C-alpha cells in the first residue's frame with residue numbers, strides 16, 4: 001500500500017500535472033497508507049523541508065549573474081569565441097567536462113554548476129561556437145545546444161565526485177557496510193569510481209565529437 | 001563563529017529583495033502571487049527554526065498553493081544593443097567578476113578549514129560561496145558603475161524565469177523523508193528479492209545495477225535507492241553468496257544509480273531546474289541529451305561489477 005505514493009509520482013509526472021501538487025499528494029497518500037494521521041504527515045514534511053533549506057541557497061548567485069548579463073557578459077563571451085580559430089562546441093564542452101570532473105574529483109563540487117557557470121558562461125559560449133560551425137542555428141538547434149551544456153555539467157559532476165574521499169555518497173556506502181560488519185576505508189571505495197569516470201568521459205566525449213560532425217553536415221547542407 | 005545560519009540569513013535577505021521588487025514590477029501580470037511566493041521562502045530562510053515543524057508544514061502548503069496558482073514574469077530585460085555596447089566597453093572585466101565566486105569558493109574551502117574557530121569547517125564551501133557572492137556583487141557594482149539595485153533587480157528577473165521550480169529540489173528531498181518514515185524502501189527491497197532469478201550470478205548483477213538505476217529514477221536520488229538495493233541484493237547475494245568484493249560492488253553500484261539520476265525528472269535540481277534557468281521550451285530537453293550517455297554507461301557499470309568484483 002505504501003507504494004501508492006510512488007505510483008502517484010510516476011503517473012503525475014507522466015501526465016504532466018503540476019509537480020508541486022504531485023509531490024504533496026504523494027506525501028499525503030504515502031503517509032496515510034503507512035497509518036500516519038494528516039497532521040503527523042504535515043509535521044514530518046515541514047521538518048524535512050526546514051532541514052533541506054541548504055538545497056535552495058544556491059539561488060543567491062543570481063544577482064551577480066544578472067548584473068553581469070545586463071552588462072554584456074554573454075555578448076563578450078561570444079565575441080571572444082568567435083575570434084578563436086578551431087573552437088568548436090564539441091571541443092569546448094569536452095574541455096569543460098574534463099575540468100568539471102577534475103574539480104569534482106578533488107571535492108570542489110560547488111565551484112561550478114548550472115547557476116554559477118552554465119547559464120552565464122558555458123551555455124552562451126557553446127551556443128556561439130555552434131552558431132559559427134553550422135552557419136546559423138534555428139530555434140530548436142539553439143535549445144539543443146543549451147541542453148548539451150547543462151547535460152555536460154551533470155555528467156562531469158556525477159562521474160567525478162565519487163573519486164573524492166569525503167563526498168556524501170562514499171560516506172554513505174562506508175556507513176551502510178559497517179552495519180553489516182564490513183569495514184572499509186573511503187580510499188578503498190573511491191578508487192573504484194575511476195573506471196566509470198573514464199568510461200563517462202569516453203562515451204560523452206564521443207557523443208560531443210559526433211555533435212561537431214553533425215553541425216558540419218548542417219553547414220554543408222545549408223551551403224548547397 | 002560563522003555557520004550556515006549566516007548564509008540562511010543572507011539568502012532570506014535576497015529572497016525578501018526579490019519579493020519587494022516583485023511587488024513593484026507592474027509588467028508581471030501575477031506580481032502579487034509571485035512576490036508572496038518569494039516572501040514565504042524568505043520567511044523560511046529567516047525563521048524556519050523558530051516556526052516549528054508544523055509551522056514549516058503550513059508554510060510548505062502556502063508555497064505549493066501559490067505555485068499551483070501560477071507565478072509570472074515581468075520586466076527588466078536589458079536591450080541587446082545596450083548589452084553589446086556595454087560588452088565592448090567593459091571587456092574582460094566581466095570575466096574577472098564572474099570568476100570571483102568560484103575562486104572564493106575554492107580558496108575559502110581550504111582557508112576556512114585552517115581557522116576552525118571562526119568558521120564551521122563542515123560547511124566551508126557553502127559559506128565561502130556566499131562570501132564570494134557578496135564580494136562579486138560589491139566589486140561588480142563599483143567596477144561597472146551600477147547602483148546596488150541593479151543586481152537585485154536583474155537577479156529578480158532571472159529568479160522569475162525559474163519560478164516555482166526553484167523549490168522543487170527541496171520539496172523532493174522532503175518527500176524522500178516521508179517515504180523513509182513510511183518504510184517504502186523495505187517494501188521495494190522485498191519485491192526485488194522475489195523478482196530476481198535464483199542461482200545466476202550475472203542475473204543478480206544485472207538486477208542490482210538495473211534496480212539501482214530504476215529505483216533512483218523513481219526516488220530522484222541514488223542515496224535513497226542505495227540502502228534499499230544493497231540490503232536486498234548487494235549484501236545477501238553479491239557479497240555473501242557469490243563472494244564479490246564489497247568495495248567494488250558498492251562503489252560501482254552507486255554509480256549505476258547515478259546513471260538513473262540522469263534519466264529522471266525527479267532529480268529536479270539537475271534536470272528540470274537547468275531547463276528553466278536556460279529558458280528552454282522543452283522541460284525535458286536536458287534529460288533527452290543525457291539518455292545517450294546514461295544508458296551505455298549503465299551497461300558499462302554492470303559489466304564492470306561483473307568483471308572486477310568476481311575474480
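Bear in mind these aren't lab numbers, they're just calculated from the coordinates by the rules spelled out. Here the structure is a predicted model, which means the values were calculated and not measured. Using ideal geometry, Cβ is built from the backbone for each residue, glycine included, and neighbour counts are taken over all protein chains shown.
Below is a table of values for the structure above.
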quantity	calculated
Volume of the Cα convex hull of the stretch A:4-51, divided per residue and given in Å³	65
Extended-chain gain in nm, criterion 0.36 nm per residue less alpha-carbon gap, residue B:161 and residue B:147	2.8 nm
Chain B: calculated mean residue ellipticity at 222 nm from DSSP helix runs of at least 4, using -39500 (n - 2.57)	-25000 deg cm²/dmol
Cα-based helix-to-principal-axis angle, B:201-219 vs chain B, degrees rounded to 10	30
Residue B:20-residue A:139 pseudo-label distance in nm [points 7 Å out on the Cα-to-Cβ vector]	3.8
Chain A: angle of helix A:38-51 to the longest principal axis, Cα-based, in degrees nearest 10	50
Two-decimal log10 I(q)/I(0) for chain B, as the Debye equation yields it once each C-alpha is a single scatterer, q = 0.07 Å⁻¹	-0.39
Between the stretch A:57-108 and the stretch B:1-55, the Cα center-to-center distance that results, in Å	29
Chain lengthening between residue B:50 and residue B:193 when straightened (0.36 nm per residue, less Cα-Cα)	47.1 nm
Rounded, prolate or oblate (a/c below 1.5 giving rounded, otherwise prolate when a/b exceeds b/c) for the stretch B:150-197 by Cα gyration tensor	prolate
The stretch B:5-148: C-alpha gyration tensor shape, a/c 1.5 cut-off, then a/b vs b/c	oblate
Compactness index (Cα Rg / 2.2 N^0.38 Å), the stretch A:27-135	1.61
Distance between the stretch A:150-224 and the stretch B:170-208 - C-alpha centres, whole angstrom	23
Approximate shape of the stretch B:1-78 as ellipsoid semi-axes (Cα gyration tensor, √5λ), whole Å, largest first	24, 17, 7
Principal axis box of the stretch B:145-232, alpha-carbon based, largest edge first, Å	71, 28, 16
Förster-model FRET efficiency, 35 Å R0, residue B:241 and residue B:282, C-beta, rounded to 0.05	0.20
In nm, spacing of pseudo-spin labels at residue B:99 and residue B:138 (7 Å Cα→C-beta vector)	2.1
Spin-label model distance (nm) - residue B:81 vs residue A:202, 7 Å beyond Cα toward Cβ	5.4
Radius, Kirkwood style, for the stretch B:71-124 when every pair of distinct Cα atoms is counted (Å)	14.5
Nearest 10 degrees, 0 to 90: helix B:124-143 Cα axis against chain B principal axis	30
Overall dimensions of the stretch A:162-224 by Cα: Rg and Dmax, Å	20.5, 68
Rg/Rh for the stretch B:160-311, where both radii come from Cα atoms and Rh is the Kirkwood radius	1.03
Separation of alpha-carbon centers, the stretch B:221-287 and the stretch B:90-144, rounded to whole Å	31
Percent of C-alpha pairs per 10 Å bin, the protein assembly as shown, short to long	4, 17, 28, 28, 17, 6, 1, 0
Rg/Rh for the stretch B:245-311, where both radii come from Cα atoms and Rh is the Kirkwood radius	1.13
Chain A, helix-only ellipticity at 222 nm - DSSP H runs n ≥ 4, -39,500 (n - 2.57), divided by all residues, nearest 500	-23000 deg cm²/dmol
Compactness of the stretch A:59-223 as Cα Rg over 2.2 N^0.38 Å, two decimals	1.22
Shape box of the stretch B:204-284 [Cα atoms, principal axes, largest first, Å]	50, 18, 17
Segments A:151-158, A:110-117 sorted - mean Cβ within 10 Å per residue, highest first	A:151-158, A:110-117
